[in-house]
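Below you'll find the structure, written out as C-alpha cells, and then a few comments.
The values are calculated or read from the model by the stated rules, or taken from the named source; none is laboratory data. Since the model is a prediction, treat every value here as computed from it, not as a measurement. Positions of Cβ are generated from backbone atoms using ideal geometry, with glycine treated the same way; all protein chains shown enter the neighbour counts.
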Amino acid sequence: MKKRIIVLAAAALMSVPGFASGIIPGDMTFKLRAAYNLGGMAPLDMPAAIRSIDSYNLTASLLLGVDAGWNFGSGWGIQSGLHLENKGMEAEISTKGYHMQMVQGTNSLEGFFTGHVHQYVAAVMLTMPIQATYKLGCATIKAGPYVSALLNRNFRGLAFDGYLRQGNPTGPKIIIGNKEGEWATYDFSDEVRRFQCGLNAGADFDLSRGFGISADLNWGLTGLLKSSFTVVEQALYPIYATIGAFYRF
Amino acid sequence: MAFSVSINLSIFADIKYLTMKKLIAILAILLAFVSCIKDEPRNSECDILSAEVDESLAEHFHNASQMKISDIASNERRIVFVVRSTASLPAAVKVSFTLTEGATIVPESGSAQDFTHGPVKYTVTSEDGKWHREYEVLFKDPSLVLDKLGFEHFEEETSQIQSTTRYHVFYEMDDSDSPRNIWASGNAGVAMMNSEWTPEKFPTYATSEGYKGYGLCLNTQSAGSLGALFGKPIAAGNLFIGRFILDKVMSNPLETTDFGTPVIKEPASVSGWYKYAPGPVFTNKDNKVVEGRTDEANIYGVFWRNTDEEGNEVKLDGSNVFTSPYIIRKAQVESLPATDSWTRFEMTFDGERADAGILAGLGYSFTLVFSSSKGGDAFEGAVGSTLYVDEVEIKYMEDQP
C-alpha cells in the first residue's frame, strides 16, 4: 500500500512538466468542489505536560475549489487545481508544568504553566494539490503532494485558571486568574509559516453522471509554526480529513 | 456555476449527516494514534504550603491564630512564628508542615527541633526528586516599638530568577540591635520581568541623597509591555509595613499588600520629611492619558484590631485597608504639594482609643504606607512621579504628655 502511494506520488510529480505545457493527450474533466475540513493541529508526540483535551471545537473549515483532471487511459491520470480553504481549530487543554513563555515587546515571562489553555488557530489558504489518479469502478483514487499559501494567519490563545512557576518549578508562583486582566493572552500569529506542504490521499466517488462525493486525508509535513520559533516546543502538524461533494463537467 | 454549487452543497449536507459520526470516530482514532495523553508526570514543585505548631505550645502564643501560618508566598524563604517570649520557648518544638503533593521534607514534619539557638533549616524535595527548596523556620519576639525610621538599613536582594537583577530591601534595627524585617515593597514583582536591573532602576530604592544619610526614593514606572498585557500598565513605587505576596501580582494585585505587624503601642501621629515631583502625563488603568489630572503622592497609616470575634486573624490588604470595620484609628497626610526641597509632613491618627488589655496581647496591628502615586493600586498615575521620604518619626499615645 505504502509502495503504491509512493508510486502514485512519483507519477504525479513526473507529470508536472506535461501538465504545465498542456500537451497531455486523453480526455479532460473539471470538478467543482465544496468540502469540509475536519481535523486539527497536533504534535506527533504529545508532551506529558498536556493532561487532557477538555474541549475541541470544529471551526467552520470550508473548502471551495476547482480541479482539472486528465485521463491517460488504462485508468491512470493526474489531477490538479486550486482550492480556497480554511483550516482551523479551537481547543481547550489542561496542563501540568507546561513550558511556555509570554512575550510582549521587550518583556517576557517564561516558566511552567499548570492550568488551562484555550488555543485558537485559523488560516485561510490557497492550496494546489498535484495528484496521480487511478480509476477503479465508480471511484477515482488519488494521491500526491500539495502546497498551500496562507492568505491569513491566526495563532492565539490564553492561559487561565492556573499558575505559572517562573523559570523553574521552584521559581515565583504567579497565579493566573480566569477573567480579563487576570489571565494571560498570547498571539503568535506572525510565527505561523506562510507556506505549508504535505501529502494528500483520498478518493472521488461518482454518484451520477455529474455529481459525486469525496473523502481525503491531508497530512501536513511542515510544522504550523516557523522552526525558528521555540516558545511552543512541539512542532504542530496540520492533519485534516476532508469530506465533500463535487460536480463534474 | 452558481447552480451546480448549490446542488453540491445539498448533497454535501445529506452525506454529512450519514458519515459525520463515522468520520469523527476515524479521526479520533487517527489523532489518538498520532498523539496519546501520557501518564501524569510526578510533581516537580516543592513548597511548604503551611506550617503549624501543636496545641501544647498554646501558652507561648498571644493568639491561637498565630500558631498556624498558612498563606506562605512562593518566594518566601523564612517562616516566622511570633511568640510571647523566645526566652521561655522549650528546647524541643514540633512544627508540622503541609507540602506540595508528593513532596518530602527533612527534618521530618512534626519532628522535635530546637529553635532556641536561632532558625532551623528545612529542605523540601519534590515528588520527582529533581527539585529542592530550603526554608528557615524561626520563632521570634513581637516587634518592638519603633519610633524613628531613617531608611538607613537595606540589603541587596538578588532576584530568584533573573540572577543579574538586584533590588533593595529595607529593614530596621531595634533597640537590641537586631534587624526587623518590617518593610515590604512591590520590587519583587518588578524584578520578575526585568533582567540586568540595578537597584536604582526599581520603583523602590534607597537613595544616598536623603534628608540625613540614606533616604527612601519611590518612583512610578511603566510596567512595560508585559504589564500592559495584563492590564497593569504602571508600577508605583511603594513601601509599607507588612509582607508582599508575589503570587497574586497578576490575578489580584490589591491582595499583594498584606499589611501590618502586631504592635503593643497605639500610634498618635507620624511626621517626617519629603520631596515630591509628579510625572508629566497621568494615565488610567487602560494606559489612556487623562487630561488635566496631576498625580499625587500618598502617605497613610492604619491601626486595626487583628482578630475577629471568633478569634480569626483579620488581614488588611489593598482591597480593604480604608474600609475594614476592624479599623480603630487611621491617618493620612492631607496633601503633599510638589516640592524639590525637603519639606515637613505630619499626620495625626483619628478614631477610637485602643483597649489596653487587647493591646498588651498583641491584638492590634499597625501599618504605614508610602506611595509615589495615590492611585497606584488601581494602576492610575503618572510615570515619573517621584516621592522622597526620610527621617520618619512615629509618636505613640502612651508617650503623649
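Per the conditions (1) within 20 Å of the chain's Cα centre (by Cα); (2) at the interface with another protein chain (Cβ under 10 Å from one of its Cβ atoms), the sole criterion not satisfied by A:A49 is (1).
Given the criterion under 26 Å from A:N168 (Cα atoms) and surrounded by 18 or more Cβ atoms within 10 Å (Cβ to Cβ), identify the matching residue among B:F170, B:F259, B:F244. It would help to see each step written out before you state the result.
Details: B:F170 fails: under 26 Å from A:N168 (Cα atoms); B:F259 fails: under 26 Å from A:N168 (Cα atoms).
Checking each option against the conditions leaves just B:F244.
In this structure, does B:K288 turn out to be more than 22 Å from B:I299 (Cα to Cα), within 14 Å of another protein chain (Cβ to nearest Cβ), of a type in the set (K, R) and without any contact (Cβ under 8 Å) to a residue 24 or more places away in the chain?
no
Among the residues making up the range A:173-192, those that are within 10 Å of another protein chain (Cβ to nearest Cβ) and of a type in the set (G, A, S) are A:G177, A:G181, A:A184.
Check whether at least one residue in the range B:197-208 is on the phi > 0 side of the Ramachandran plot, modelled with pLDDT under 90 and in a loop (DSSP other than H, G, I, E, B), and report yes or no.
Of the range B:197-208, the ones on the phi > 0 side of the Ramachandran plot are none.
No: the range B:197-208 contains no residue that is on the phi > 0 side of the Ramachandran plot, modelled with pLDDT under 90 and in a loop (DSSP other than H, G, I, E, B).
Scoring B:G213 on the criteria (1) surrounded by fewer than 18 Cβ atoms within 10 Å (Cβ to Cβ); (2) within 13 Å of chain A (Cβ to nearest Cβ) leaves a single failure, condition (2).
Please work out which residue is nearest to the chain's Cα centre (by Cα), limiting yourself to the range A:155-179 and to residues that are of a type in the set (F, W, Y) and closer than 17 Å to A:A91 by Cα. Can you show your working first?
Taking the range A:155-179 as the starting set, the residues that turn out to be of a type in the set (F, W, Y) are A:155, A:160, A:163.
From what's left, closer than 17 Å to A:A91 by Cα: A:155, A:160.
Numbers: A:F155: 13, A:F160: 26 Å.
Selected residue: A:F155.
The number of residues in the range B:306-328 being at pLDDT 95 or above and assigned to a strand (DSSP E or B) comes to 2. Looking across the range B:38-75 at every residue that is part of a loop (DSSP other than H, G, I, E, B), more than 11 Å from every other protein chain (Cβ to nearest Cβ) and under 18 Å from the mean Cα position of the chain (by Cα), the one that is farthest from A:I176 (Cα to Cα) is identified as B:S70. Among the candidates B:E352, B:E313, the residue that is farther than 23 Å from B:S185 by Cβ and assigned by TED's automatic domain parsing to the domain that holds B:K232 is uniquely B:E352.
Where residues in the range A:226-241 are outside any strand (DSSP E or B) and either facing chain B (nearest Cβ under 10 Å) or not charged (D, E, K, R) (or both), which of them is nearest to A:E191 (Cα to Cα)? Checked the range A:226-241; the qualifying residue nearest to A:E191 (Cα to Cα) is A:F229.
Just to be sure, is B:R78 away from chain A (no Cβ under 14 Å), among the charged types (D, E, K, R) and closer than 21 Å to A:N168 by Cβ? Quick ask: steps written out before the conclusion?
On the way: away from chain A (no Cβ under 14 Å): yes; among the charged types (D, E, K, R): yes; closer than 21 Å to A:N168 by Cβ: yes.
For B:R78, the condition - away from chain A (no Cβ under 14 Å), among the charged types (D, E, K, R) and closer than 21 Å to A:N168 by Cβ - is met.
Take the residues in the range A:190-225 that are outside any strand (DSSP E or B) and of a type in the set (D, E, K, R), then tell me which one is nearest to A:Y134 (Cα to Cα). Break it down stepwise before answering.
Taking the range A:190-225 first, the residues outside any strand (DSSP E or B) are A:190-191, A:193-194, A:207-210, A:221-224.
So of that shortlist, the ones also of a type in the set (D, E, K, R) come out as A:190-191, A:193-194, A:209.
On the way: A:D190: 40, A:E191: 38, A:R193: 33, A:R194: 32, A:R209: 18 Å.
This residue is A:R209.
In the set (1) surrounded by fewer than 20 Cβ atoms within 10 Å (Cβ to Cβ); (2) touching a residue at least 60 places away in the same chain (Cβ under 8 Å); (3) hydrophobic (A, V, I, L, M, F, W, C), the condition left unmet by A:V121 is number (1).
No other residue among B:N284, B:N298, B:N252 is under 22 Å from B:F202 (Cα atoms) and at pLDDT 95 or above apart from B:N298.
Note on the range B:96-139: residues that are charged (D, E, K, R) and more than 14 Å from chain A (Cβ to nearest Cβ) total 4. Considering B:S195, B:S159, the condition of being more than 28 Å from B:A58 (Cα to Cα) and surrounded by 17 or more Cβ atoms within 10 Å (Cβ to Cβ) is satisfied by B:S159 alone. Residue-level check: of (1) over 26 Å from the mean Cα position of the chain (by Cα); (2) of a type outside the set (K, R); (3) within 7 Å of another protein chain (Cβ to nearest Cβ), A:G244 misses just (1). Scan the range B:355-397 residue by residue and report those that are closer than 19 Å to B:L316 by Cβ, within 21 Å of the chain's Cα centre (by Cα) and assigned to a strand (DSSP E or B). If the condition is that a residue be closer than 19 Å to B:L316 by Cβ, within 21 Å of the chain's Cα centre (by Cα) and assigned to a strand (DSSP E or B), then B:Y364, B:S365, B:F366, B:T367, B:L368, B:V369, B:F370, B:S371 are the ones that fit.
Each residue in the range A:224-237 was checked for being within 15 Å of A:G39 (Cβ to Cβ) and touching a Phe, Trp or Tyr at 6+ places or on another chain (Cβ under 8 Å), and 2 pass. Taken over the range B:94-127, residues that are surrounded by 14 or more Cβ atoms within 10 Å (Cβ to Cβ), outside any loop (DSSP other than H, G, I, E, B) and touching a His at 6+ places or on another chain (Cβ under 9 Å) amount to 2.
Being closer than 22 Å to B:I241 by Cα, within 14 Å of chain A (Cβ to nearest Cβ) and touching a Phe, Trp or Tyr at 6+ places or on another chain (Cβ under 7 Å) narrows it down to one residue among B:E152, B:E157; which is it? When all the criteria are applied, what remains is B:E157. Any chance the range B:290-305 includes a residue that's surrounded by fewer than 19 Cβ atoms within 10 Å (Cβ to Cβ) and part of a helix (DSSP H, G or I)? No: the range B:290-305 contains no residue that is surrounded by fewer than 19 Cβ atoms within 10 Å (Cβ to Cβ) and part of a helix (DSSP H, G or I). In the range A:25-56, what residues are surrounded by fewer than 18 Cβ atoms within 10 Å (Cβ to Cβ), within 16 Å of A:M89 (Cα to Cα) and hydrophobic (A, V, I, L, M, F, W, C)? Residue satisfying the conditions is A:I53 alone.
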